[in-house]
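Only the coordinates and a few stated rules stand behind these numbers; no lab work does. Everything numeric in this text was worked out from a predicted model, so none of it was measured. Here the Cβ positions follow ideal geometry from the backbone for every residue, glycine too, while neighbour counts run over all protein chains shown.
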Amino acid sequence: MPQLLLELFSEEIPARMQAQAARDLERMAREKLAAEGFIPEALKTFAGPRRLTLVAEGLPLAQPDRREERKGPRVGAPPQAVEGFLRSTGLSRDQLVERDGAYFASLEKPGRPTPDIAAEIVEQIVRGFPWPKSMTWGSGTLKWVRPLHRILCVFNREVVPVSIDGIDSGDVTEGHRFMGSAQPFRARDFDEYQDGLARHFVRLDPEERKSVIMDAARTLAFARNFELVEDEGLLEEVAGLAEWPVPVMGDMDPAFLDLPPEVIRTSMRVHQRYFAVRDPNTGFLVPHFITVANIEAQDGGKAIAAGNARVLSARLNDARFFWEEDKKIPLEDRLARLKGVTFHARLGSMAERVARIEALAEALAPYVRDDARTKAWAKVAAMLCKADLVSGMVGEFPELQGVMGAYYAEAQGYDPEVVDAIRSHYKPQGPNDDVPVQAVAATVALADKLDTLVSFFAIGEKPTGSRDPYALRRAAIGVIRILLQSRTRLPLKSFVSDDLLAFFADRLKVQLRQEGQRHDLVDAVFALGDDDIVRIVSRVGRLDEFLQTEDGANLLAGYKRAVNILKAEEKKAPLPTGEPAEMANAPPEEAGLINALGHAQVEIGKALEKEDYERAMREMSALRPAVDAFFEKVLVNSDDAAERDNRLRLLAKVRDAMGRVADFSQVTG
């Protein structure tokens, strides 16, 4: 079936916007095609430095005829409303159908040629594209990320006529800015287009560009017995900067290797987009780098490497100046300057934030490791953890906050636990980041994140479905991960508000769901009022295992049956209170459940007290035969009021006994 090919050719698109632009182009095209009744067999998009491309396979030559039913005003509505509906549909009164108290119109819509629809869709996409930042140019009104030069749009090898702000579509495009032919070339389908770009030194697919960069960079490093320091974020960026990427190895002055390696790598990465290189035997950096050029240089890249080396030397000279100057000022002497750094307009200065973190760290330390050393060093580390924010190096490289503070603390002779805590108190900063588990580091990291969460919740700056400007979700996940990996038994209610505790429950559900566990079980355990994350996760794990057994599934069904009966009876009158009794002439199954519950309540209580949740689940399993027999042989709603009340008390005891382990009403299934 025919193919639609679209290319939007412009000046350089920022690398950080390209991946999302490709996703937005695919989403918009798919939605708009579907709205017209088109479901392509395949749809793929590509983004690069100067172009966005879409190819949709398997579209029909024309839209099929469609029948649309449109709902109108209610029957009996004012005549003006009905007449307006008739005008909008082009029908007469006798052509309307009455159904469910309203008028309906059945409209026959003849299909249109696909090129006509494609032209409309392309214009809608271009004019409504959600760039984070856009611009206008010349005398036009079109907004695009950078000036848009060409629109290639062909369907079934024929040009789809589109004209947007003076830019007319065609079937030509152009290749590499420097290495490609000066003349545009023709492309009437995707194969011609992709092959033509390759001949004109453009690699269309960003995944291919990334693969070329990594293969060549690794080879350059290996040829000199070195190892590439891989960086996925940097790879993503440089793949968006070059249409024909060519890695080149350059040399730097070995004297710069006495700088902290993070400084060297950050200078390379942030300012120059270079990859670092290291010795695979020692793991130390070597005086070389790999840059990615956008051309195949005739000299093999020697001039490019030399020019980049000069720029890197200038950057590293600046870094050396900051390094040497910063070491002259003790961290504690920088604290006063934090009074002039605003953390948030409604939350005070960074000095005030440090005071809160220090107090929190002192309160948290006994839960992490209850000894005087941990408490003392946590207080010191918390006091110093933000001091590097007013250093020259962090002013130049904000990415190094915490890292540089640790180096300066180490140079001043602070205890290694303090150094480690300063370095890692921002961690974890993502799902793949390490978690600080050493006691002082874990304490300060918890204090830092809890202060962020408590502070922003206190001023009403809570995350919404689409916004989380202060990364509070990440902070909560960080707290959860630290507590779990350090096995810290923290009573969260002592430190957070009720709404923040509920936020932690939501984040824990997300975390456990990613690990393959059921999120409804988190609700079932949180409903008991527990606020110890370690205990909650342990209980959730055992509960999940229990419910996967036959006993667990059947007992859950029995619980829900009991609760449903109690709810129904509660609507009629207050439930009877007190303990169930063994009544004369009662069925043996009733007495059997009373006895089983008496034993189970004692044993479940002992197990929960010792946090032996596996045993608690076993004791609950032992209830299953008695519960099954009761429901099979005993009529709860007896004609005898005394019997009925006694049996309702018994069902309440079933609910309460199981409710000590979890709120099973929260469990789905």
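Judged by the mean number of other Cβ atoms found within 10 Å, the most tightly packed of the peptides 272-285, 190-203 leads the ranking 190-203, 272-285. In this label model, Leu635 and Glu120 are separated by 6.8 nm, measuring between points 7 Å along each Cα→Cβ vector.
For segment 560-574, the Karplus equation 6.51 cos²θ - 1.76 cosθ + 1.60, evaluated at θ = phi - 60°, returns couplings of 5, 5, 4, 5, 5, 5, 5, 5, 5, 6, 5, 5, 7, 6, x Hz by residue, with Gly and Pro reported as x. Phi angles of segment 453-469 translate, via the Karplus equation with coefficients 6.51, -1.76, 1.60 and θ = phi - 60°, into HN-Hα couplings of 5, 4, 5, 6, 5, 5, 9, x, 8, 9, x, 10, x, 10, 10, 8, x Hz per residue; Gly and Pro are given as x. Close amide H partners of Val277, meaning residues 5 or more places away or on another chain with modelled amide H under 5 Å apart, are Val229, Val286, His288. In percent, rounded to a whole number, the relative contact order of segment 152-274 is 17, using alpha-carbon pairs under 8 Å and six or more apart.
Using the beta-carbon distance between Glu461 and Gln183 and R0 = 56 Å, what value does 1/(1 + (r/R0)^6) give for FRET efficiency, to the nearest 0.05? Write out the running numbers ahead of the final one.
On the way: r = 56 Å, r/R0 = 1.00.
The calculated FRET efficiency here is 0.50.
Give me the dipole magnitude in Debye, nearest 20, for segment 549-666 about the Cα centre, with unit charges on the beta carbon: positive for Lys and Arg, negative for Asp and Glu. Please list the in-between numbers first.
Values: 17 positive and 22 negative charges, 64 e Å.
For segment 549-666, the charge dipole is close to 300 debye.
Could you tell me whether segment 66-109 comes out rounded, prolate or oblate from its Cα gyration tensor? Rule is a ≥ b ≥ c as square roots of the eigenvalues, rounded for a/c under 1.5, then prolate if a/b exceeds b/c, otherwise oblate. Judged from the Cα gyration tensor, segment 66-109 comes out oblate (a/c at least 1.5, b/c at or above a/b).
For Lys572 and Ala642, a Förster radius of 22 Å and the Cβ-Cβ distance give a FRET efficiency of 0.85, rounded to the nearest 0.05.
In whole percent, what relative contact order does segment 189-336 give with Cα contacts below 8 Å and a gap of six or more residues?
Numbers: 176 pairs, mean separation 35.5, N = 148.
Relative contact order of segment 189-336: 24 percent.
Holding the Cα-Cα limit at 26 Å, pick out from Lys32/Lys109; Lys509/Lys572; Lys44/Lys210 the pairs that are longer than that. Don't jump to the answer; show the numbers that get you there.
Values: Lys32/Lys109 17 Å; Lys509/Lys572 36 Å; Lys44/Lys210 18 Å.
Beyond 26 Å between Cα atoms: Lys509/Lys572.
Taking the centroid of alpha carbons for each part, segment 365-391 and segment 63-126 are 69 Å apart. Of the peptides 5-14, 631-640, 122-131, the order by per-residue mean of other Cβ atoms within 10 Å, starting with the highest, comes out as 5-14, 122-131, 631-640. With contacts taken as Cα pairs under 8 Å and at least 6 residues apart, the chain reaches a relative contact order of 7 percent. Give the distance, in whole Å, between the Cα centre of segment 415-470 and the Cα centre of segment 304-328. The two parts, judged by their Cα centres, are 31 Å apart.
Give the calculated FRET efficiency between Leu528 and Asn317 to the nearest 0.05, with a Förster radius of 51 Å applied to their Cβ-Cβ distance.
Numbers: r = 61 Å, r/R0 = 1.20.
Using R0 = 51 Å, I get an efficiency of 0.25.
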